[in-house]
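Step one of this worksheet: look at the structure below.
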Amino acid sequence: MLNNNGQVYAFGNGAFGQLGNGQDADCNAPQPVSLPPSILATAVATGSHHALVLGNNGQVYACGAGLFGQ
């Protein structure tokens, strides 16, 4: 989830680290995703085993599985 302040929250299946919280466990409630200091998210895209966040600096940040180049 992306809020209006550029903060990202994730929950659900985390087996591949796709929640971006540094863990590989499932999470039932939204938890904040850590981005580098002073970076705000402008867009979020997810797959079944990975997540991508577009930062306000134009960089893309990824987390989760990379088994198939995702």
Report summary line: Sorted largest first, the Cα spans of the chain on the principal axes come out in Å as 28, 28, 17
Requested in this report: Just add up the charged neighbours of Phe16: K/R +1, D/E -1, any other residue whose Cβ is under 13 Å from the Cβ of Phe16.
Outcome: -2
Report summary line: Under 5 Å from the placed amide H of Gln7, counting only residues 5+ away or on other chains, we find Ala41
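Loop only by DSSP, 10 or fewer other Cβ within 10 Å of the Cβ. Give me the chymotrypsin sites (Phe, Trp or Tyr not before Pro) in the range 9-55 that pass, ordered by residue number. Before the final figure, lay out each step's value.
Details: sites: Tyr9, Phe11, Phe16; in loops: Phe16.
Here no loop site has a sparse enough neighbourhood.
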Query raised in the report: If the chain between Gln31 and Ala65 were fully stretched, how many nm would it gain, using 0.36 nm times the residue separation less the Cα-Cα distance?
Result: 10.3 nm
Requested in this report: Would you mind telling me which residue in Ala51, Ala29, Ala15 has the biggest mean-square fluctuation in a Gaussian network model of the chain, where springs connect alpha carbons within a distance under 10 angstrom?
Outcome: Ala29
Report summary line: If one builds a Gaussian network model of the chain from Cα atoms under 10 Å apart, the most fluctuating residue listed among Gln23, Gln31, Gln59 is Gln59
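We did not get these values from a lab; they are worked out from the coordinates using the rules stated. Values in this document were obtained by computation on a predicted structure and should not be read as measured data. As a convention, Cβ positions derive from the backbone with ideal geometry for all residues, glycine included, and neighbour counts pool all protein chains shown.
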